[in-house]
Each structure stands twice: as structure tokens, then as C-alpha cells.
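Working notes, structure below.
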Amino acid sequence: MRTIGERALGLAWVVPALVLVGVFVYFPLAENLGFSTLKWDIYSGSQEYVGFANYAKLVEDPVFWRSLGNNVLYAVVSIAFQVFGALVLAALIEGVRSERWQRVLRAIYFIPSAISLTVAGLLFYFVYEPDLGLLNHLLQAAGLGRLGHSWLGEESTAMPAIIAMSQWQGFGYSTLLFAVAIQRIPREIYQAAALDGTGPVRRFRHVTLPLVREMTGVMSMVTISGAFQVFNEVMVMTGGGPDNSTQVLGTWLYRSGFVRNDFGYAAAIATVIFVITLGIAVAQLWVARRRRVTW
Amino acid sequence: MVSRIGFLGVVARVFLWAFLLCLAAVVVYPLLWMVLNGFKTNGEIFGSPFSLPSHWSFDSYRKAWNRGVSDYLTTSVLVTVTSTVATVFVSAWAAYGLTRVNIPFSRLTTGVILGGLMLAPSVALVPLVKMFQAMGLYNSFWALLILYTAFRVPFTTFLIRAYMLDLPREVDEAAEMDGCGRWTAFWRIILPMCKPIITSTVLLHILFAWNEYLFAMVFTSGAGVQTLPVGLMSLMSKHGTEFPVVFAGMAIAAFPVVLLFFAGQRHIVKGLADGVGK
């Protein structure tokens, strides 16, 4: 039929994608592993092989552990709000009778996900600002002025404030996706359950929840993976401060490399992010495959 | 009994609406505050945070526009348009090759291209900086075009490939019988059939490129090559005490994508759902 030459010619279709991904995604990744064994000053250009010293430093570095802890906190809160909260919300919206209003509500909730995290982060930088900020003004108006804080300026409130902003920004996105999953459930199942006299709460538990399980699984993985890649909002709102209390792996990587000129150490942090996100992706593939077999 | 359930039903409905509307207010109010603050004076922002501006003037919006936002916007449009075109074409070619052409090592190739989905951009950051400095592309438009394309090809290929897999085989056979070469078949027949998914991927890429921050921040520094997200941070650091101007700049940056979302909502939702759900 076709000669080998003709088949090889077909490769031309995929070469641009392969080259781009190979050169700019895979190659740097491999190179990063090498860099993480160097003591490297990018401005003077001096490089020195130090073996696993950067990783040893990582273990001793309290800011690294604090960053990792903040990423974990991010993941936990995001799972609660952007997966389970969003799923419940999507089901609640289905309870609205008019489909038009359902669409309007979902669209409104999605707006923060369309604007960039930079705009959202800057906006909440001002919302949390102690003097002109919306939050303190609202507390004052409600007679709770003494609860006011310099939200991003205090160690105890800065990280919760950033995470709260992130939930505001992201919950509409996952709500929208859950809505799609719920709408793919055949209406007859709900009608049958309603005829049996099953109330809305039990319908949610026994019909909706099991039937959107695949979406819930994928969204959980995507959310956790995203939580370990957080960068933008922290950079915009606090830059990791005060006193490194809001540092996450991404910002600590940036600061270690580009501010403190310790690129080998930054590469070691990058390796940690790589291992975590790859682990999550592999877990996701494994779960998806297992499920496909059992069904 | 029936009226009791009816009554409870009404109460439940009222609570449901109250909750949904409160949530909508929590989402919309900060955005409204942002837009309105662009019309206020510094004094009004501090003194009367909840009231409407005393007079509606576009001064701050004009100032923001003239102090760099127009440049950032131009760069953003340029980077977004070029990287969208590059990403969608490269991905559509790849998807075509992977699904409709009998190429050697097709499983491996699919794995390599789609495997890129699993890799976080921050992991490649340090080596990429070194690479782009060596190529002399650091702090240039090209850096963003290349990176936005390379890092989005896996996701975009994934979406288009899934769509092409569902197109019937007979299409290719018919094209071949008509004497179409591969090239013609792709442009004339397959690509037009993929229009719905192409629309989704275009919109999703625009949202991505318009909003991306990590690469934009690390790879550009001069005013001429900064996109909006990074530019806003410059605006903030330069004119941080002229709050109305900063708010106006934020509103200008947010406006196009919100508009785009409302115009293309259906396609965006479909693309997102297919991308996550499969």
C-alpha cells in the first residue's frame, strides 16, 4: 500500500508540535534537574557542581516548609470550596426553575475567572487595604469596625486573605463545569426519583453525587495540581510577605533565583514542584484508567 | 398536608434565591467598586466608599490609557493574536497527523505531545531564562509568542484530537477518491468540519494569553514589550497613590475578556467541559 517513505512524510504534520514541546517544555525540564546540582550565580556566570547540597539546604530551610505548608492549605481550602462547594452550588442552581436565570447566575459567577488573576489580585489588594479597603469599610458600616485588620500586612491574616480571594476568583469556573456534568445526567432518573417521593437532598446524595463522580475526581486533581502551582495572586498581593508568611513554592522559587541569585536552589524547588505535580497527574491517569476498566 | 409541603417549598425557594443572589452580590460588588473607583477622586475613594462618584468623568481612564495602558494593551493584543494563530494551527496539524494520517510511532508521538499537559511552567522557568538569553530573545515579544504557543499546544491538541477522532473515516476516503491530497483534505474538508472545537480552543487560548502572568513577568521588563497583567503592576508601582488611575487601568484590562466571555460563553463552556471531562 504505502511505502515507508510516504508514512514518514506524514510525520511532517506533527513535527512543529513535537519540536515546540520538545525544545521548550521537555528539554528545560531535563536541564532543570542538572541545574539543581549546581551552585550558580547567573550574573557572574560562575557555576560549581555541588551534588545534592541544594536539596539538603531545602530540607533545612524553614521558608521552604512554610511555603509547602501554604500550598497544602491552599489545596485543602480549594477542594472544599472549588470542588465540593461548587458541586453543591451547581446542584442548587439546577433548583432554579427558569433555565434562563440558571444561565445568568452561572455567567455572573464565572466573571472573576475570565478576568486575570492579576486584576483580581490587585482588586483584592485594595479590598483588603486597611484605609481605603472595601472590607474594613463594610465592617465599620456593620458596626464591627474593631474586627478590621491590615489584612495583607499581618502574618495571621495574610495567607487566609489570599486564599479567600482565590476562592472568589475560581469557584464560578468549577461551578460551570459541574453544571455541564449535572446536565448530562438523564432527566428521567430525576423524574423517577421524584415520583418515588425522594426529596431534593436525597436526590443530590443518591443521584447527582454518584453520577458526577468522574467530574469530581478530575476536578479534585486539577484543583490540587493548581494549588501547588500558585504564583500569580501571591506575587501581586504580598510578594510572599510579610516576613515570608505567604510564601508558596512558586514565589519562593522565583525569589530564590531571580532576587537572591541562587539559581541552583531555585532549580531544586522547581524539581519539588515537578515531582508533586507529576505525581498528581499520574494518580489521575491511574484512577481514570481503573475506572474505565470497572465500568 | 399538600399545602404544608407547598408552604415549605415556597420557603425553600425564597432561601435558595436569597442565597444565590447574595453570592452574586459578593461576586459583582467588588467589580462594580473597581469600575466606579475609576470615576471617583482620591478623596471620594477614602471618604465615601459606598456612594456613586459625584460627577462622571473619564479623566482617570484617559490618564491610565495615556500612562502606558494603551501600550500594554497593544502588546497584549499582539501577543494574544499571534500566539492564538500559532497554537491553533500547530495543534490542528498535530491532531490531524495523530488521528487521520497513518504515521510511524503514533502512540509514542501522542504520548509525548499530550504528556506536556502534565508539566508545570514554573518547573521549566530557570532553564528557559538561560535559553532565551542565549538566543537573544529575552525581553522580547518573541519570547512570549514562543512560550505561550509551546505550553498550550498539548492542551489545544488534546481538544482538537478528541474532536477529530469522532469524525467518520469515510470523509478521508471520499477526499482521496476525489483526488485531494492530504494538504487539501486538511484545509478544505477536515478543518472546516472542526469549526466548533476550533472556536472553543481559540477562545480558551485568548483567555489564557490575555491573562498569563508568570512568563510575562519573568521574560519582559521594558514598557514596549510588557503585556497588560505585568503593565498593571508597573502602573501600580509608578502611580500607586493615584488610586483612581490604577482602578481605571484594571477596569480597562478586565473589560475585553469579560466581553469576550459573554459573547462566546457557549463555546468556552463546551471547550472547558470537553477538556476536563474526557
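Set side by side, the residues A:Ser36, A:Ser98 differ, and just one is within 13 Å of another protein chain (Cβ to nearest Cβ) and surrounded by fewer than 17 Cβ atoms within 10 Å (Cβ to Cβ), which is A:Ser98. Contact annotation: residue pairs with Cβ atoms under 8 Å, 6 or more positions apart or on different chains, pairing a residue in the range B:29-50 that is within 22 Å of A:Phe110 (Cβ to Cβ) and more than 10 Å from every other protein chain (Cβ to nearest Cβ) with a partner that is in a helix (DSSP H, G or I) and among the small types (Gly, Ala, Ser), are B:Val35/B:Ala251. Please work out if A:Ala268 is touching a Leu at 6+ places or on another chain (Cβ under 9 Å), in the same structural domain as A:Val72 (by TED's automatic domain parsing) and either within 15 Å of A:Leu58 (Cα to Cα) or among the hydrophobic types (A, V, I, L, M, F, W, C) (or both). Yes. Here the range B:157-170 is the region considered, the condition is being surrounded by 15 or more Cβ atoms within 10 Å (Cβ to Cβ) and of a type outside the set (Lys, Arg), and the residue that is farthest from B:Ala86 (Cα to Cα) is B:Leu167. Checked against (1) under 23 Å from the mean Cα position of the chain (by Cα); (2) within 13 Å of chain B (Cβ to nearest Cβ); (3) buried (at least 20 other Cβ atoms within 10 Å of the Cβ), A:Asn54 passes all but a single condition, namely (1).
Let's see how each residue does on (1) at the interface with chain A (Cβ under 7 Å from one of its Cβ atoms); (2) within 29 Å of A:Met221 (Cβ to Cβ); (3) of a type in the set (Lys, Arg); (4) buried (at least 24 other Cβ atoms within 10 Å of the Cβ):
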| residue | (1), (2), (3), (4) |
| --- | --- |
| B:Ala92 | no, yes, no, yes |
| B:Phe105 | no, yes, no, no |
| B:Thr109 | yes, yes, no, no |
| B:Leu114 | no, yes, no, no |
| B:Leu119 | yes, yes, no, no |
| B:Phe155 | no, yes, no, no |
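Per the listing B:Val245, B:Val225, B:Val257, the residue uniquely crowded, with 20+ Cβ neighbours inside 10 Å and over 20 Å from B:Gly38 (Cβ atoms) is B:Val225. Within the span defined as the range B:94-101, one or more residues are more than 7 Å from chain A (Cβ to nearest Cβ), in contact with a Ser or Thr (Cβ under 6 Å, 6 or more places away or on another chain), among the hydrophobic types (A, V, I, L, M, F, W, C) and buried (at least 20 other Cβ atoms within 10 Å of the Cβ).
For the subset of the range A:152-167 comprising residues that are of a type outside the set (Gly, Ala, Ser) and surrounded by fewer than 20 Cβ atoms within 10 Å (Cβ to Cβ), which member is farthest from A:Asp243 (Cα to Cα)? Here the residue is A:Gln167. When residues in the range A:122-153 are screened for being assigned to a loop (DSSP other than H, G, I, E, B) and either touching a residue at least 24 places away in the same chain (Cβ under 8 Å) or outside the structural domain of A:Trp168 (by TED's automatic domain parsing) (or both), 3 of them pass. Considering the conditions (1) facing another protein chain (nearest Cβ under 8 Å); (2) under 20 Å from B:Thr74 (Cα atoms), B:His205 is excluded by exactly one of them, (1).
Only one entry in B:Ser70, B:Ser91 is at pLDDT below 95 and among the small types (Gly, Ala, Ser), namely B:Ser70. Where helices (runs of 4 or more DSSP H) fall wholly inside the range B:55-123, the ranges with 1 or more residues that are under 19 Å from the mean Cα position of the chain (by Cα) are B:70-100. Looking at the range B:127-136, can you tell me whether even one residue there is part of a helix (DSSP H, G or I), crowded, with 24+ Cβ neighbours inside 10 Å and either at the interface with chain A (Cβ under 9 Å from one of its Cβ atoms) or touching a residue at least 40 places away in the same chain (Cβ under 8 Å) (or both)? Yes: the range B:127-136 contains one or more residues that are part of a helix (DSSP H, G or I), crowded, with 24+ Cβ neighbours inside 10 Å and either at the interface with chain A (Cβ under 9 Å from one of its Cβ atoms) or touching a residue at least 40 places away in the same chain (Cβ under 8 Å) (or both). Regarding B:Val27, is this residue surrounded by fewer than 16 Cβ atoms within 10 Å (Cβ to Cβ), of a type in the set (A, V, I, L, M) and outside the structural domain of B:Leu191 (by TED's automatic domain parsing)? For B:Val27, the condition - surrounded by fewer than 16 Cβ atoms within 10 Å (Cβ to Cβ), of a type in the set (A, V, I, L, M) and outside the structural domain of B:Leu191 (by TED's automatic domain parsing) - is not met.
The values are calculated or read from the model by the stated rules, or taken from the named source; none is laboratory data. All figures in this text were calculated on a predicted structure; none of them were measured in a lab. We place every Cβ from the backbone using ideal geometry, glycine too, and count neighbours over all the protein chains shown.
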